[in-house]
Structure formats: structure tokens, C-alpha cells
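The values are calculated or read from the model by the stated rules, or taken from the named source; none is laboratory data. Because the structure is predicted, anything quoted here is derived from the model rather than measured. A quick note on method: Cβ atoms are made from the backbone with ideal geometry, for glycine too, and the neighbour counts reach across all protein chains shown. Ligands, DNA and RNA are excluded from the accessible area calculation, which covers all protein heavy atoms including side chains. Shrake-Rupley method; radii C 1.70, N 1.55, O 1.52, S 1.80 Å.
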Amino acid sequence: MAAMLNGKKIVVVMPAYNAAQTLEETYRGLDRNVVDDVLLVDDYSSDETLAVAKRLGIKSYVHGRNLGYGANQKSCYTLALLNGADIVIMVHPDYQYDPRLATAMAGMLASGIYDCVIASRIIGNGALKGGMPLYKYVSNRVLTLCQNLLMRQKLSEYHTGYRAFTRELLLRLPLLENSNDFVFDNQMLAQAIYFGFRIGEISCPTKYFKEASSINFTRSCRYGIGVLGVSAQVMLRRLGVGRYRFLDPEGARIRLDAPRLSAQEAF
């Protein structure tokens, strides 16, 4: 059992889908002197993800059917909070992001300076060197520029899947109003900005290879349109135009007194 960092329980969550080939390498990269617990939610994989997790001793849950990346995160965060997490770090088990940085991300939150930390592939020169396709890199830069202008921010990117959050943020954001698809990530970051949470960034190298998860060009285009819509909604809401459930402070949040999980314990 790891010693708590500044008295905070650190829980890593892994939203998994067909991650059997990369899960062990990701898990081995975590510093268990800092990370107190690891939870995996399998979104109805067709490979041996759960078998690998069981062999590694990772506490795992499985959806009864494929619900989507956003739904997977909703289950991850709910389960982490139910397990007493003070800080929750989302680490994709596809080994695209370096799991060793979870220690630094946890420290940035445990210090009380930030409420959310994102691991940016854009700070430094890691993205293209790591094999990010040029069209993805250019799209990332264009979308980030537009989103910074719409939401009056200066983040280096909005599209990394490597993130860490405090317990307070996860309980206060209306996360259950968000999409069950990939745009969930952007909605969550937009919510953190809209509701005034402090966001820090850390440079993170990334690796693109066959086994790393990625969405195809068509879904990337749909995602790009979706995230611009999210940022536009934040801008319009600040101008007093329109009402959007995911920006409603009374919107559906994670409730620990009566959780309705779409995940069941696998073992």
C-alpha cells in the first residue's frame, strides 16, 4: 500500500477498451509508492483486457455492453470517489502517454495549487517526434487556438486524454450531463473553465503506434465540430445567451449516496 501524498489518497483510473497488449506496460509504469489504488473499467472489450487485469491484480469493472468513452469515464470517476479518492488520475491503458508522469501530476494537485492538471503533448517537441500524424497535429493547434479565443484561455491543448482531478472538482461538475462519446473530455475541461477551477499543465511525450487507441479521420472531423460547439456554448452562456445542461450548476452530478453505476465488478 502506498503512503498517501500530503495526506491525499491517489487513485489511478483506467478507461479500457481492447487494451490487452498494452495494459501491463502501462500499469508497471505507475509509481506505487505514490499511487494508492488502481481501478480499471472495461467498456465491453472483445480481447483479453480483463484477463490481463486479473493477472496483474487490478481491481476491475466491466460494462455489460459498449457504452462509449465518456460513459466509461463517468463510471471511472464514480468508482474512484466511492473508493475514497482525494485525487483521481486518468491514465489510458494503451501506453500512448507515459504513466510515470502520474506522480508529478498528483503532486501538483496535492500541493493545493491546482484543481485539474492536464498532460500536454504540445508543450515541448514530443507530439510529432512521438509519431502524431501531421493532420492531427495541425488540427489540434487550430482547434486549440479557436477554443482559447472562444473561452478566453491560454491552454496549450484541449485534447489530451491524460488528466488529473481533485475530489472536489469531480463532485461539483455536472459530469452526468456530458456526452457518452469522445467529446466528453472537452465538455469536462470546458466545465472546469466555466466554473472557475484552476487548471495546470505539464509537458508529456506521447507515442503513436499500432496498438495505441485512436479515432479515424471521419470521427476526428465529427469530434472537431463537436468541440468547437462546446466552446461556443461556453462563450454564449457567458453572454447570457442560451442554456446548456452541461453548464448548469444544478445539472446532474456524481452522487455517492445513491450511485447508479453502469459498471459491475468483474472480480
Worksheet entry | Neighbours by Cβ (under 8 Å, 6+ apart or cross-chain): first from the stretch 74-101, farther than 9 Å from residue 13 by Cα and among the aliphatic types (A, V, I, L, M); second at pLDDT 95 or above and part of a helix (DSSP H, G or I) | 81/167; 81/170; 81/171; 85/167; 87/106; 87/109; 87/110; 87/167
Item to complete: Please tell me if residue 77 is open to solvent by 10 Å² or more (accessible area, probe 1.4 Å) and within 18 Å of the chain's Cα centre (by Cα).
Response: no
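A quick yes/no check of all residues on (1) aliphatic (A, V, I, L, M); (2) modelled with pLDDT under 95; (3) more than 22 Å from residue 41 (Cα to Cα):
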| site | (1), (2), (3) |
| --- | --- |
| 102 | yes, no, no |
| 115 | no, no, yes |
| 155 | yes, no, yes |
| 179 | no, no, no |
| 196 | no, no, yes |
Discussion item. Scan the stretch 236-246 and tell me whether some residue there is open to solvent by 60 Å² or more (accessible area, probe 1.4 Å), within 23 Å of residue 15 (Cα to Cα) and touching a residue at least 24 places away in the same chain (Cβ under 8 Å).
Written reply: no
Worksheet item: Does the stretch 236-247 include one or more residues that are more than 30 Å from residue 134 (Cα to Cα), at pLDDT 90 or above, part of a loop (DSSP other than H, G, I, E, B) and charged (D, E, K, R)?
Response: yes
Fill in: Any hit, the stretch 58-65, residues being open to solvent by 30 Å² or more (accessible area, probe 1.4 Å) and farther than 26 Å from residue 186 by Cα
yes
Item to complete: Any chance you could count how many residues in the stretch 28-48 are open to solvent by less than 30 Å² (accessible area, probe 1.4 Å) and either closer than 15 Å to residue 98 by Cα or acidic (Asp, Glu) (or both)?
Response: 6
Practice prompt. Pull up the stretch 80-96, narrow it to residues that are open to solvent by 10 Å² or more (accessible area, probe 1.4 Å) and touching a Pro at 6+ places or on another chain (Cβ under 8 Å), then point me to the one that is farthest from residue 186 (Cα to Cα).
Written response: 82
Response to the item:
Checked against (1) of a type in the set (Val, Ile, Thr); (2) under 19 Å from the mean Cα position of the chain (by Cα); (3) outside any loop (DSSP other than H, G, I, E, B), residue 52 satisfies every condition except (2)
